[in-house]
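Note sheet for the following structure.
The values are calculated or read from the model by the stated rules, or taken from the named source; none is laboratory data. Nothing here was measured: the structure is a model prediction, and the numbers come from that model. Don't worry about glycine lacking a Cβ; one is built from the backbone with ideal geometry, like all the others, and counts go over all protein chains shown. Calculation scope for accessible area: heavy atoms of the full protein, side chains included, ligands and nucleic acids excluded. Shrake-Rupley method; radii C 1.70, N 1.55, O 1.52, S 1.80 Å.
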Amino acid sequence: MISLLFAPFSIRLKAAFSTPPNDYSQLMMEEEILQLEFLKQNLQLQLDEFQMLSEIFCSPGELQLDDYGSIENLTSFIADTKVRLDKKMEYQFTLPLLENEKVQILVELPHHYPVLEMPRIVIRSAIIARDQERELQKRIQQYIEAEIIERQDPYVYQIVCWIQDNFTDLLESSRERKDSPSSPSTNANITPKSIVFERLWIYSHHLKSKSKRQTIIKTARDLGLTGFSRPGKPAIICIEGPQSDTQDFWRTIKALRWQKIQIKLSETEMAFMDGSIEQTMAKLRRFETGFREELFCDMEEDSDAEDLPMSMSLFMKFLDKHNCSYIKKTFFGFQGSSALS
């Protein structure tokens, strides 16, 4: 029987109504099996590609997988589809593309890459501004659409080679576009009518590394986000601001090495502009004084706060003060005294 997997909706609908009930059930079952097989083939290609990349970029630190559990999850799903597929392949290259400066190439693969979906690839460096980063991301997408026509086989390696060969020109062109008077990002007269506000509550198994803690604080402050970070075990991070910036923050810290890290709750709200973006955001923020590290510990002087247990009493008072008691149920399983407003 010919699969209707890629058939237009009208043909699928006609086939559904013209097929006897028993045959229709069998048809749908066969199509579901084909969809699963198609998904598994894509996932296997991703695993094979990462194995190949790890053999090419084999110097220490050149290629790092964000979550080694993703390989186990994809492999288990391919072997038995009863296993829940809840992870994606995400990894990063750290390459010396500039003199005295290494550059990160972050790769995120959707489940149907390479055949149906394109990878998400971001270039990040201390010398690359966020608007330049977005321009580079657009250039990469344009390259994929124009140059990689046949996508039956993985092509991350092809993209990375293209970035390596053309990085200086790419960086220069992104600067020129950023500085162009016609660039939307530099035209002060253009103000969006609405913006999406987002508050992310992030949980990690633990956070003790001083470099990670500094990265979290610096990234949040560079992006103009408000909220707090509680190091220790467990670790809790809350950030709030424009969604484009909160997602930049999440992508940045998620790329660090973690035993476990996840977004426990994402709160979003469409805000219609009333004045400047910051004035609009200020009305929605619960943490008005910027981003800071909070310890919530009954500690003595010279103690290592991250090694001390979190004082639940201090944490609850902090949440109450910022009208965030509702998050208690998400993190600890019991209801807070104040509702989300």
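Going down the list Lys102/Lys138; Lys212/Lys317; Lys210/Lys254; Lys40/Lys254; Lys40/Lys264, which pairs span over 23 Å between their C-alpha atoms?
The pairs that break the limit, which is 23 Å between Cα atoms, are Lys212/Lys317; Lys40/Lys254; Lys40/Lys264.
Might you work out the accessible area of Tyr91 for me, using a 1.4 Å probe with all protein chains in place, and round it to the nearest 10 Å²?
Around 0 Å² of this residue is reachable by solvent.
For Lys329 and Asp48, what is the calculated FRET efficiency with R₀ set at 41 Å and r taken between the beta-carbons, to the nearest 0.05?
0.45
Amide H neighbours of Glu293 under 5 Å, at least 5 residues apart or on other chains, H built in the peptide plane: list them.
Ser229
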